[in-house]
1. Between V61 and D94, with labels modelled 7 Å along Cα→Cβ, what's the label distance in nm to one decimal, could you check?
2. Between T102 and R68, what FRET efficiency follows from the Cβ-Cβ distance if R0 is 22 Å, with the result rounded to 0.05?
3. Put a dot 7 Å past each Cα toward the Cβ at E87 and R23; how far apart are the dots in nm?
4. If neighbour count is taken as other Cβ atoms inside 10 Å, put D88, D27, D46 in order from fewest to most.
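Laboratory data are not the source of any read-out in this text; all were calculated from the coordinates shown. Computed from a predicted model, the values in this text were never measured in an experiment. All Cβ positions, even for glycine, are placed from backbone atoms using ideal geometry, and neighbour counts span all protein chains on display.
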Amino acid sequence: MTSNAAMTLAERRPETVLVCVNRRYGDGQLSCAANSSEAIAQALADGIRERRIAVNFERSVCMGQCLRGPTIRFAPGGRFILGTSLEDVTHLLDELEAVCGTVEAEDELPLHLIGS
Ligand code: FES
């Protein structure tokens, strides 16, 4: 695992998972999107919906950690989880489910996630 997800979630129950999908254009510009963050975002969104995890999910603009992304943040106030990869998604979902719990029905999921 390349992230520090476990330490982050243990500190506080997140209300929202933010995943940076920003792309910086220009020669040699590193960015989360250039490092497959959209695939990570989609896998997290799918997993949250399938497991019915009680947390909001949002794709985010740049969080100022471009050189160390893909960047995820648990909000409010959570630390950055940097250098994430698709291999980290299952662990992140496990941690989110353990800390946030689940909802019974799809109509209890955050509205903006149901259609994502
Ligand atoms: S491009 Fe993702 S933190 Fe800047």
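1. Each label point lies 7 Å from its Cα, and together they span 3.6 nm.
2. Calculated value: 0.10.
3. Placing both labels 7 Å along Cα→Cβ, they lie 2.6 nm apart.
4. With the fewest neighbours first, D88, D27, D46 line up as D27, D46, D88.
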